[in-house]
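The values are calculated or read from the model by the stated rules, or taken from the named source; none is laboratory data. Being a predicted model, the structure only gives us computed values, none of them experimental. Quick reminder, even Gly has a Cβ in these numbers, built from the backbone with ideal geometry, and neighbours come from all protein chains shown. Only protein heavy atoms, including side chains, enter the accessible area calculation; ligands, DNA and RNA are left aside. Shrake-Rupley method; radii C 1.70, N 1.55, O 1.52, S 1.80 Å.
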Amino acid sequence: MKIKDCFVLKNIAGINTVISTNSKTTFEGMITLNDTGVFMWKLLQDGITLDALVEKMVEEYEIDKAVAQKDAQSFIDKLSTIDVFE
């Protein structure tokens, strides 16, 4: 899965925010992300499968695979509600 190019991640005054640069998208707000969210977002921008994302999280954060799976799926589910994926 891959995040649409019209969604841009910026750090504004120390806060990681995502906005849409496309006025035709249904999303008209901002998303704030913590460091883990930024880590996943950047991988999703480049295009990555859920399984690969989980593996990257296990490597980066040294967490159990089941925890990484649950967290990654939850993040993806939330992003899916605002139609950020191609």
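Can you send over the carbon and sulfur percentage of the accessible area for the chain, probe radius 1.4 Å, protein chains only? Reported share for carbon and sulfur atoms: 51 percent.
Restricting attention to the range 25-77, which GluC sites (Glu not before Pro) occupy a DSSP loop and are surrounded by at most 16 other Cβ atoms within 10 Å? Answer by residue number: GLU28, GLU62. Of the trypsin sites (Lys or Arg not before Pro) found in the range 1-50, those that fall in a DSSP loop while having at most 10 other beta-carbon atoms within 10 Å are LYS24. Straight-line cross-link reach from LYS65 at under 15 Å between alpha-carbon atoms covers these aspartates and glutamates, not counting any fewer than eight positions away in the same chain: ASP51, GLU55. Panel values: the chain, Kirkwood radius from alpha carbon pairs, Stokes-Einstein at 10 °C and 1.306 mPa s, translational diffusion coefficient 119 µm²/s. Annotation: per residue accessible area for the chain equals 63 Å², rounded to a whole number [probe 1.4 Å, protein chains only]. Among 46-52, 80-86, the peptide with the highest mean count of other Cβ atoms within 10 Å heads the list, and the full ranking is 80-86, 46-52.
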